[in-house]
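Working notes, beginning with the structure itself.
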Amino acid sequence: MSEKITVIGSGMMGNAIIKSLLKSNIAPSSLTAVDIQAEKLTEFKTLGTKISTDNTKAAKEATIIFVIVKPGDVAKVLNDIKDESKGKLIISAAATVPLNYLKKYAPESKIVRIMPNLCAMVQAAYTAYCCTENLTPQDKETIKNLLNMMGTCDEVEEKYMDAITAVSGSGPGYLSIIIEALTYAGLKVGLPRNIALNCAAQTVLGTGKLVVDLHEDPAHIKDMTTTPGGTTIEAIYQIEQSQIRPAMIRAIEEATKKSQTIREKLNLQ
């Protein structure tokens, strides 16, 4: 890929995206990491990328610009780079911020709104994206290739982005609780800590791969694991009594509402 990529915002997600691109053999010299806090850029310099604290200069030198900042900071960043981003691809990972708001501050750019998750750090993210109407088929192919370097991706209607933020964007947080619970359960029944943690994490990872790689339905996986009078059915009986399903559904509903509330509170319309 011959693109020059600037990533504005070197926090947790910006860090994950840059490292994912580097692992996918994007040349370090074609990447620029940008942050107003220069101390956040030290690691990227050692990795061979360019670094900058100047949004405008970094955007001018780029063909693709990732904007990975908090929702309330998006307008300032887009104002900084408005002239330098004309006709270029801007990819925003700012949660809750809609395309119409982004277009208002960068009207002559080609804009993509994405919702990745922290799993981009290990190139296993799920990223949903939606685009303004002025992207060409070639632009969309470029976006898809970039996002697939971080894991897998789907283009979706923008109306689904709040729900995807709740399910996938925040998802590693929920699954960390599941892994932690499985680990503690392993400790409770006598497993060494490292074995309990590895056992729990790999089981969650492997189950996800059964769904994604083999297209197995979760209910079928549960049935395949369950035998009459066995250990799995006994455990499932206990889990179902805990009301974990409605608890998870309520959690996702509330996270979706929170995404909408943040947008309204910050007037990101």
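The values are calculated or read from the model by the stated rules, or taken from the named source; none is laboratory data. The structure presented is a predicted model; accordingly, all values stated were derived computationally and were not measured. Every residue, glycine as well, gets a Cβ built from its backbone with ideal geometry; the counts of neighbours run over all protein chains shown. SASA here: full protein model, heavy atoms, side chains in, ligands and nucleic acids out. Shrake-Rupley method; radii C 1.70, N 1.55, O 1.52, S 1.80 Å.
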DSSP beta bridges in the chain: the antiparallel percent, rounded to 5, is 15 percent
Can you list the HN-Hα couplings for the stretch 224-231, worked out from phi with the Karplus curve (6.51, -1.76, 1.60; θ = phi - 60°), rounded to whole Hz and with x for Gly and Pro?
5, 7, 9, 10, x, x, x, 6
For the chain, what's the relative contact order in percent, using C-alpha pairs closer than 8 Å and at least 6 residues apart?
15 percent
Percent of accessible area on the chain owned by carbon and sulfur, 1.4 Å probe?
57 percent
Please list the non-local residues whose amide H lies under 5 Å from the amide H of T127, H modeled 1.01 Å from N, same-chain partners needing a gap of 5 or more.
T152, C153, D154
Tell me the mean residue ellipticity at 222 nm calculated for the chain from its helices only (DSSP H runs of n ≥ 4, each -39500 (n - 2.57), averaged over every residue, nearest 500).
-15500 deg cm²/dmol
So between K209 and K76, what do we pick up on full extension, going 0.36 nm a residue minus the alpha carbon distance?
43.8 nm
In sequence order, what are the phi-derived ³J(HN,Hα) couplings for the stretch 55-71 according to the Karplus relation 6.51 cos²θ - 1.76 cosθ + 1.60 with θ = phi - 60°, rounded to whole Hz, with x for glycine and proline?
4, 5, 5, 5, 5, 4, 7, 9, 9, 10, 10, 8, 10, 10, 10, 5, x
Å² per residue, accessible surface of the chain at 1.4 Å
55 Å²
Simple spin-label estimate for K45/E157, 7 Å along Cα→Cβ, in nm, reads 4.9 nm
Counting other Cβ atoms within 10 Å of each Cβ, which GluC sites (Glu not before Pro) in the stretch 72-173 have at most 13 and sit in a DSSP loop?
E108, E133, E157
What relative contact order, as a whole-number percentage, does the stretch 1-103 give when Cα pairs under 8 Å and 6 or more residues apart are counted?
28 percent
Residue by residue through the stretch 215-222, what is 3J(HN,Hα) from phi via Karplus (6.51 cos²θ - 1.76 cosθ + 1.60, θ = phi - 60°)? Round to whole Hz and write x for glycine and proline.
6, 7, 6, x, 5, 5, 4, 4
17 Å Cα-Cα reach of K258 towards lysines, excluding residues that sit fewer than 8 places from it in its own chain
K70, K159
Separation of alpha-carbon centers, the stretch 205-225 and the stretch 1-40, rounded to whole Å:
34 Å
The pairs in K45/K86; K4/K104; K19/K40; K45/K82; K140/K209; K19/K45 lying past 18 Å Cα-Cα in this model are K45/K86; K4/K104; K45/K82; K140/K209
Just want to confirm a number: the relative contact order over the stretch 20-64, from Cα pairs under 8 angstrom separated by 6+ residues, in percent.
36 percent
With every protein chain kept in the model, how would you rank L187, L21 by accessible area, 1.4 Å probe, largest at the top?
L187, L21
